[in-house]
Amino acid sequence: MKKLFLVSLLTFILFLNKTFAEKIIAFEFTQNEFASLEKKKVKGETIWTLGSNEKGNYIKAEANAAGSGLGKKIKIDLKKTPFLNITWKVEKDLVGIDESSKKGHDYAARVFVIKKTGMTALSNKAINYVFSSNNNIGENWRSPYTKQSIDYILSTTKDNFNKWVTVKVNVKDHFKKFHNLDVNELNGIALMSDTDNSGLSAVSYYQNIYFSAK
């Protein structure tokens, strides 16, 4: 009986280790984490507040002719967990702007994934996964401000306005496709809600952001 118990316990522990290895939480949205996140202002400052619902913790972003981001350094092994999972919602969007232009380069919600490729931040490569107010899922272009970053539409308010939506994307494949880089490890992730170029207002929510094996 004791031997059977030990075998069962060992099997359970191995299962847990595999489960944790196949899911890496990017943001916990707790007070402790919130205090430690790096803040980057573009113009003015987005108002970030914590909240929770039946699905767990989330962060709310309110941008009024302003733009700022919250980021963290984090190492993600894309060989093991290449998929980025995001649950998010846009309550107030930015209809009518040209998101691919400098004047209209604003998004109610976006999640950056970053690969360090040089000595300075300007040399880093990024993919900017966005919740668009005007375009269609799958559309993409290089940022009008830097060739180092790709804007890729994962959600749109044309389909899901003021609704929670969960999306998944293969980050490793996208770095190869858009930057021609075989990336095995990410170095950072950031959230941004900005309206500094258009001068408009937006409200959005982020929840349950993690990397997974499949």
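We did not get these values from a lab; they are worked out from the coordinates using the rules stated. Please read all numbers here as calculations on a predicted model, not as lab measurements. A quick note on method: Cβ atoms are made from the backbone with ideal geometry, for glycine too, and the neighbour counts reach across all protein chains shown.
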Scaled radius of gyration (Cα, divided by 2.2 N^0.38 Å) that the range 82-184 gives
1.07
Cross-link table LYS115/LYS168; LYS75/LYS168; LYS39/LYS177; LYS73/LYS172; LYS103/LYS214, entries beyond 26 Å C-alpha to C-alpha
LYS39/LYS177; LYS103/LYS214
Give me the Kirkwood hydrodynamic radius of the range 25-212, using the inverse of the mean 1/r over all pairs of distinct Cα atoms, in Å to one decimal.
16.4
Rounded to whole Hz, the Karplus (6.51, -1.76, 1.60) HN-Hα couplings of the range 106-113, x for glycine and proline
10, 9, 5, 8, 7, 10, 8, 10
Which net charge results for the neighbourhood of LEU200, defined as the other residues with beta-carbon distances under 11 angstrom from its beta-carbon, given Lys and Arg at +1 and Asp and Glu at -1?
-3
As I understand it, the value is the acute angle between the Cα axis of helix 2-21 and the longest principal axis of the Cα atoms of the chain; what does it come to in degrees, rounded to 10?
20
At a 10 angstrom cut-off on C-beta neighbours, averaged per residue, how do the peptides 62-68, 175-181, 23-29 rank from highest to lowest?
62-68, 23-29, 175-181
In sequence order, calculated HN-Hα J values of the range 190-207 (Karplus, 6.51, -1.76, 1.60; Hz; x Gly/Pro)
8, 10, 8, 10, 9, 9, 5, 7, 7, x, 8, 10, 9, 9, 8, 9, 10, 7
Taking the alpha-carbon centroid of each part, what is the distance from the range 22-40 to the range 103-167 in angstrom?
20
Net charge, ASN135 excluded, C-beta distance under 10 Å - Lys, Arg +1, Asp, Glu -1
-3
For a footprinting-style exposure proxy, rank TRP141, TRP48, TRP88 by other Cβ within 10 Å, fewest first.
TRP141, TRP48, TRP88
Rounded to one decimal in Å, the inverse mean reciprocal Cα-Cα distance for the range 58-119, i.e. its Kirkwood radius, is 14.7
Please report, in Å, the Rg and the Dmax of the range 134-214, where both are computed over Cα atoms only.
14.2, 39
